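Have a look at the structure below, then the notes.
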Amino acid sequence: TNRLKIATIPGDGIGREVVPEGMRVLEAAGRRFNIAFQFDEVDWSCERYKKLGSMMPADGLEQFRNHDAVFLGAVGWPEVPDHVSLWGLLIPIRREYQQYANVRPVRLLKGITSPLAGRGPEDIDFYVVRENVEGEYSEVGGRVYRGTEDEVAIQEAVFTRRGTDRILRYAFELARTRPRRHVTSATKSNGIIHSMPFWDERFAAIKAEYPDIATSQYHIDILTAHFVQHPDWFDVVVGSNLFGDILSDLGPAVAGSIGIAPSGNINPERTFPSMFEPVHGSAPDIAGKGIANPIGQIWSAAMMLEHLGHSDAAARIIEAIETVIADPASRTRDMGGRANTAECGRAIAEVVAG
Ligand code: NAD
Ligand code: IPM
Ligand code: MN
């Protein structure tokens, strides 16, 4: 039996509703594939912040340094400003654990209808690879000069050569594992954004290391249009932190629902645990009702197993998701069904268990 030590952070809002479904499916996969999970759950959240004044303990990240992975729901709740909750929990994990590759698959699963007319699973199957620790998400110079009619907010973007090269290489390596072997760079190279010519320069340099991989590059504005009109053009799309963030909500929307989109915050060197979480947030508008779609969390669990070397268990979970959503009665409301969160999660766990 393999043992996996997983740090579990349900967090806020629907995070607390979908994480238990992810764990349920992991347990089912564990029974079938001989994996014993040790889930170490913590209450790090906005609620903790309101009680104790911090999102997590000062030594929080020390506690999980030797875990196999972190399994997170969502962070953020209206009563706590987002910059407090996110800089207090989500962003420190990504940075401290050097999870610089945010890998977000966009796949139209069998049984789901895309909002794009006439598109099937063969048309929408790509990855957004998002730089996850620098770029536009920088602490450097974030300030607002107040007190006059001429108030100014200033924020600096940071693109290091090391940080840019490693995310580009990650994208090219991922493309090598895929039949189409194609990388698209999301950019804005007309120099209006000063960091982007640098990104393009590094893209050209790294591309030269991968003569077997075909490439394209598009300005971010037209790229969003191509996601909608030509999703079949894409295989691996690499972008900076902010561009990648935007593309990774747009991608899942064309693949059916933000509620199913998974992500892996990957530390490729495996010096630190990687973190797996859905792309969506805490959804305050539907939290507490038991109607959230658990599939983003469950698919993230599959990505976690894949990362930890259990490809067979991961594949079984994806198949189970496809089996269950083929039946409209098992779908949650965002996908046009009537099932609640637990019904959908249980149905998937049952198929995994076989
Ligand atoms: P959101 O993803 O929470 O919600 C956007 C919309 O999608 C809402 O209408 C919501 O009901 C719907 N939705 C999201 N997930 C769903 C699911 N599983 N099933 C059904 N419907 C779903 O984004 P938001 O409203 O911009 O942000 C809400 C809070 O979450 C904010 O505090 C934000 O900062 C935070 N957030 C956290 C993360 C994260 O933890 N990684 C990601 C995004 C947003
Ligand atoms: C995501 C989220 C986060 C991000 C927010 C909540 C900081 O939108 O994981 O995509 O922008 O990275
Ligand atoms: Mn986002």
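The values are calculated or read from the model by the stated rules, or taken from the named source; none is laboratory data. Quick caveat: nothing in here was measured; it's all calculated off a predicted structure. Here the Cβ positions follow ideal geometry from the backbone for every residue, glycine too, while neighbour counts run over all protein chains shown.
Restricting to the range 10-41, count the residues that are touching a Ser or Thr at 6+ places or on another chain (Cβ under 8 Å), among the aliphatic types (A, V, I, L, M) and buried (at least 17 other Cβ atoms within 10 Å of the Cβ).
5
Which condition does Trp199 not pass, out of (1) out of contact with any helix residue (DSSP H, G or I) (no Cβ under 9 Å at 6 or more places or on another chain); (2) in a helix (DSSP H, G or I); (3) not small (Gly, Ala, Ser), if it passes all the others?
The failed condition is (1).
Does Glu122 satisfy the condition of being outside the structural domain of Gly336 (by TED's automatic domain parsing), at pLDDT below 95, under 23 Å from the mean Cα position of the chain (by Cα) and loosely packed, with under 13 Cβ neighbours inside 10 Å?
So Glu122 does not fit the description; no.
For the range 229-252, which residues satisfy the criterion of being over 14 Å from the mean Cα position of the chain (by Cα), assigned to a helix (DSSP H, G or I) and either within 10 Å of ligand 3 (Cβ to nearest atom) or not charged (D, E, K, R) (or both)?
Passing the criteria: Gln229, Pro231, Trp233.
Of the conditions (1) crowded, with 24+ Cβ neighbours inside 10 Å; (2) within 16 Å of Tyr137 (Cβ to Cβ), Ile220 clears all except one; give me its number.
(1)
Find all pairs meeting these conditions: Cβ atoms under 6 angstrom apart; at least six residues apart or on different chains; first residue within the range 209-221 and part of a strand (DSSP E or B); second residue modelled with pLDDT of 95 or more and of a type in the set (Gly, Ala, Ser).
Matching pairs, first to second residue: Gln217/Ser185.
Looking only at the range 269-292, which residues are within 16 Å of ligand 3 (Cβ to nearest atom), surrounded by 19 or more Cβ atoms within 10 Å (Cβ to Cβ) and more than 15 Å from the chain's Cα centre (by Cα)?
Once the filter is applied, which keeps residues that are within 16 Å of ligand 3 (Cβ to nearest atom), surrounded by 19 or more Cβ atoms within 10 Å (Cβ to Cβ) and more than 15 Å from the chain's Cα centre (by Cα), the range 269-292 yields only Ala283.
Does Ala58 fit the bill of being over 21 Å from Ala292 (Cα atoms) and either without any contact (Cβ under 8 Å) to a residue 12 or more places away in the chain or not assigned by TED's automatic domain parsing to the domain that holds Ala292 (or both)?
For Ala58, the condition - over 21 Å from Ala292 (Cα atoms) and either without any contact (Cβ under 8 Å) to a residue 12 or more places away in the chain or not assigned by TED's automatic domain parsing to the domain that holds Ala292 (or both) - is met.
Answer with yes or no whether Gly22 is in contact with a strand residue (DSSP E or B) (Cβ under 9 Å, 6 or more places away or on another chain), touching a residue at least 60 places away in the same chain (Cβ under 8 Å), over 24 Å from Glu131 (Cα atoms) and outside any strand (DSSP E or B). I'd like the intermediate steps shown before the answer.
On the way: in contact with a strand residue (DSSP E or B) (Cβ under 9 Å, 6 or more places away or on another chain): yes; touching a residue at least 60 places away in the same chain (Cβ under 8 Å): yes; over 24 Å from Glu131 (Cα atoms): yes; outside any strand (DSSP E or B): yes.
Yes, satisfied.
Do any helices (runs of 4 or more DSSP H) entirely within the range 54-119 hold 3 or more residues that are within 16 Å of ligand 3 (Cβ to nearest atom), and if so, which?
On the way: elements: 60-63, 82-85, 91-96.
Hits in the range 54-119: 82-85, 91-96.
Take the residues of the range 253-267 that are in a loop (DSSP other than H, G, I, E, B) and of a type in the set (A, V, I, L, M): which is nearest to ligand 1 (Cβ to nearest atom)?
So the residue we want is Ala261.
Out of the residues in the range 223-252 that are small (Gly, Ala, Ser) and buried (at least 17 other Cβ atoms within 10 Å of the Cβ), state the one that is nearest to ligand 2 (Cβ to nearest atom).
Applying the filter and picking the extreme gives Ser248.
Only one residue in Asp43, Asp12 is acidic (Asp, Glu), under 29 Å from Glu139 (Cβ atoms) and within 16 Å of ligand 3 (Cβ to nearest atom), so which one is that?
After ruling out the rest, the residue left standing is Asp12.
Looking at Asn66, Asn2, which one is closer than 27 Å to Ala171 by Cα, loosely packed, with under 15 Cβ neighbours inside 10 Å and touching a strand residue (DSSP E or B) at 6+ places or on another chain (Cβ under 9 Å)? It would help to see each step written out before you state the result.
Numbers: Asn2 fails: closer than 27 Å to Ala171 by Cα.
Checking each option against the conditions leaves just Asn66.
Looking at Glu96 and the list (1) touching a strand residue (DSSP E or B) at 6+ places or on another chain (Cβ under 7 Å); (2) more than 12 Å from ligand 1 (Cβ to nearest atom), which single condition is not satisfied?
(1)
Between a residue in the range 278-307 that is farther than 13 Å from Glu17 by Cβ and any residue that is within 13 Å of ligand 2 (Cβ to nearest atom) and among the hydroxyl-bearing types (Ser, Thr, Tyr), which pairs come within a Cβ distance under 7 Å, given they are 6 or more apart or on different chains?
So the pair list comes out as Val279/Ser248; Val279/Ser263; Ser300/Ser263.
Which ones in the range 71-99 are over 23 Å from Leu4 (Cβ atoms) and among the aromatic types (Phe, Trp, Tyr)?
Within the range 71-99, Trp77, Trp87 qualify.
Just the residues that are in contact with a Gly (Cβ under 9 Å, 6 or more places away or on another chain) and within 10 Å of ligand 2 (Cβ to nearest atom), please, taken from the range 90-127.
Hits for the range 90-127 are Leu90, Asn102, Arg104.
Determine which member of the set Ile325, Ile321, Ile266 is farther than 15 Å from Ala101 by Cα and under 20 Å from the mean Cα position of the chain (by Cα). Lay out the reasoning, then the answer.
Numbers: Ile325 fails: under 20 Å from the mean Cα position of the chain (by Cα); Ile266 fails: farther than 15 Å from Ala101 by Cα.
Among Ile325, Ile321, Ile266, only Ile321 is farther than 15 Å from Ala101 by Cα and under 20 Å from the mean Cα position of the chain (by Cα).
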